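> Can you keep this structure in mind? I'll have questions shortly.
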Amino acid sequence: MADTTTPVPSPELKLEIKKLILETLKISDVKPEDIDNGISLFENNPVVQLDSVDALEIVMALQRTYGVHIDDQNIGRFIIKSVDTMAEFIAKEKAKAGSS
């Protein structure tokens with residue numbers, strides 16, 4: 001039987017993603033720990049407020065750093081909504097790559 005459990009992203013992965021976002025977008029006045037994992041990075045975020053250009057840069061950084069591919073723009077919007085959604089996507093993709 002196939003393993004159907006969803007991989008749980010580690011706190012370290014979430015911290016890496018936060019650092020990647022801040023470095024990619026050259027945001028120096030925010031600390032990674034100030035970013036809430038579950039809050040949208042694009043809507044009403046009190047710490048960082050990102051736009052569509054930022055989204056493109058984040059997608060490219062995730063693909064380059066983690067070797068994942070985000071081909072569908074509509075799915076991409078969901079994946080990069082928050083640190084949690086990015087971490088879940090990366091953990092799932094790594095698990096798929098590890099099992100093939």
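> Stretch Ile27-Asn44 to full length: gain in nm at 0.36 nm per residue minus the Cα-Cα span?
Values: separation 17, 0.36 × 17 = 6.12 nm, distance 1.75 nm.
Additional length available on full extension: 4.4 nm.
> Okay, moving on. Scan the chain and note any complete DSSP helix (H) whose C-alpha atoms cover at least 20 Å along its axis and whose Kyte-Doolittle average is 0.5 or more. It would help to have the intermediate numbers written out before the result.
Values: long enough: 52-66 (21 Å, 0.55); 83-99 (24 Å, -0.21).
Going by DSSP H runs, the hits are 52-66.
> Hey, another quick one. Multiplying the sequence separation of Lys19 and Thr5 by 0.36 nm and subtracting their Cα-Cα distance, what value in nm do you get?
2.3 nm
> What's the exposure ranking of Ile79, Ile21, going from fewest to most Cβ atoms within 10 Å? Walk me through the numbers on the way to the answer.
Details: Ile79 21, Ile21 24.
By the 10 Å Cβ count, ascending: Ile79, Ile21.
> Let me ask another. Could you tell me which label, among (1) 22; (2) 52; (3) 26, carries the value of percent of Cα pairs over 23 Å apart calculated for this structure?
The listed entry that was calculated here is (1).
> Add -39500 (n - 2.57) for each DSSP H run of 4 or more in the chain, then divide by its residues: what number comes out at 222 nm, to the nearest 500 deg cm²/dmol?
Working: 4 runs with 53 residues, N = 100.
Here the helix-only value at 222 nm equals -17000 deg cm²/dmol.
Any read-out appearing in this document is the output of simple, stated calculations on the displayed coordinates, not a laboratory observation. This structure is a prediction, so every number in the text was calculated from the model and none was measured. Cβ coordinates were reconstructed from backbone atoms using ideal geometry, including for glycine residues, and neighbour counts include every protein chain displayed.
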